[in-house]
1. Given the conditions (1) in contact (Cβ under 8 Å) with a residue 24 or more places away in the chain; (2) closer than 21 Å to Glu129 by Cα, which single one is not true for Thr45?
2. Closer than 17 Å to Leu60 by Cα and of a type outside the set (Val, Ile, Thr): is that true of Leu109 in this structure?
3. Name the residues in region 22-64 that are in a loop (DSSP other than H, G, I, E, B) and within 14 Å of Glu106 (Cα to Cα), would you?
4. Just the residues that are within 18 Å of the chain's Cα centre (by Cα), farther than 19 Å from Asp83 by Cα and of a type in the set (A, V, I, L, M, F, W, C), please, taken from region 149-179.
5. Within region 24-42, is there a residue that is touching a residue at least 40 places away in the same chain (Cβ under 8 Å) and closer than 15 Å to Gly102 by Cα?
6. Could you tell me whether region 80-92 includes any residue that is more than 22 Å from Val172 (Cβ to Cβ) and open to solvent by 30 Å² or more (accessible area, probe 1.4 Å)?
7. Kindly check whether there is at least one residue in region 110-120 that is in a helix (DSSP H, G or I), aromatic (Phe, Trp, Tyr), within 17 Å of Gly152 (Cα to Cα) and open to solvent by less than 20 Å² (accessible area, probe 1.4 Å).
8. Return the only residue of Arg9, Arg32, Arg19 being open to solvent by 40 Å² or more (accessible area, probe 1.4 Å) and under 18 Å from the mean Cα position of the chain (by Cα).
Amino acid sequence: MARRHDPERRQRIIDAAIRVVGEKGLAGLSHRSAAAEADVPLGSTTYHFKSLDELMVAALRQASEGFAKAVAEHGALDGPGGDLAADLARVLGHWLGGDRTGVELEYELYLAALRRPALRPVAAEWADELAEGLTRRTDRVTARALVALMDGICLQVLLTGAPYDEDYAREVLGRVLPEGR
């Protein structure tokens, strides 16, 4: 029997893994659950992803594009002028106010790196890329501090279920920035 050419299969498996984590949490993700969700044979998942960690890395890499996309769409890092704290607070509000499931999924995969060393480099990419983008508007140390603070604000909102407070975020982000920025 001839093999069916299916160039989108790998991507369908990644999309399925993201849906599984979104519905059942990280504990619900396995090669078998991803295969069932993607409607592909189990052997396809193990062909494209030799280990569950490989599948999680691909899912995390794709899921972590959510915040980067929100920043790019807003243009918060494009120009040198303006109120950086207000721009970042607005981006956080836009991101947290959108599809909450996607934000929760992104953080669930991100925090999985605590127990799965294979995920750590991908989790670090998110923070490194955002900090690098922020260096267009501030110095490197301040950029890293802003990333850590935004991360903390997001986690607090997600964990407590409290509504996002853009005024609070703008104020605390502004406290990290050097005078005049």
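1. (2)
2. yes
3. Gly25, Ser64
4. Result: Cys154, Leu155, Val157, Leu158, Leu159.
5. yes
6. yes
7. Scanning region 110-120 turns up no residue that is in a helix (DSSP H, G or I), aromatic (Phe, Trp, Tyr), within 17 Å of Gly152 (Cα to Cα) and open to solvent by less than 20 Å² (accessible area, probe 1.4 Å).
8. Arg19
The values are calculated or read from the model by the stated rules, or taken from the named source; none is laboratory data. Please read these numbers as outputs of a predicted model, since none were measured by experiment. FYI the Cβ positions are ideal-geometry reconstructions off the backbone, even for glycines, and counts take in every protein chain you see. Side chains included, ligands, DNA and RNA excluded: accessible areas come from the protein's heavy atoms. Shrake-Rupley method; radii C 1.70, N 1.55, O 1.52, S 1.80 Å.
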